[in-house]
Amino acid sequence: MEQQITTVIAHIAASHRELAALLASHRHISSRMAAIVGDLPDSHPDFQGLGVLHKRSLQLTKNVTSYVSSLAELAEEVAKRTELIMKEMQESHEE
């Protein structure tokens, strides 16, 4: 039983590493986009029209939203896996 729990924990750790790598890539994209926005002039920007500015702002918002959503999914997955592990450990201690 302990071997099975160890195997499950190893698989969970591997999936968490993959999720962390995905989040790191989202973080990099979002931070780069935020840096670009920070470099924009405060007044009278020349963006070839308001449509381009709107499009870029929407793209940044989508990237940040995606990153935050990924963080929420990671937290939810960690909670689910931790709950499963705790149940398995409790059952093995009762036996």
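Observations on the model:
- Candidates VAL68, VAL78, VAL37: whichever shows maximal mean-square fluctuation once the chain is modelled as a Gaussian network with Cα springs under 10 Å: VAL37
- Gain on full stretching of the segment that runs from SER57 to GLU83 - 0.36 nm per residue minus C-alpha separation: 5.4 nm
- Charge dipole magnitude, Cβ of K and R +1, D and E -1 - the chain, Cα centre, debye nearest 20: 660 debye
- GNM flexibility winner over the chain from SER70, SER57, SER30 (Cα, springs under 10 Å): SER57
- Gain upon complete extension [LEU19, GLU94; 0.36 nm per residue less C-alpha separation]: 23.7 nm
Laboratory data are not the source of any read-out in this text; all were calculated from the coordinates shown. On a predicted model such as this, the values are computed, not experimentally measured, just so you know. Positions of Cβ are backbone-derived with ideal geometry, glycine not excepted, and every protein chain shown enters the neighbour counts.
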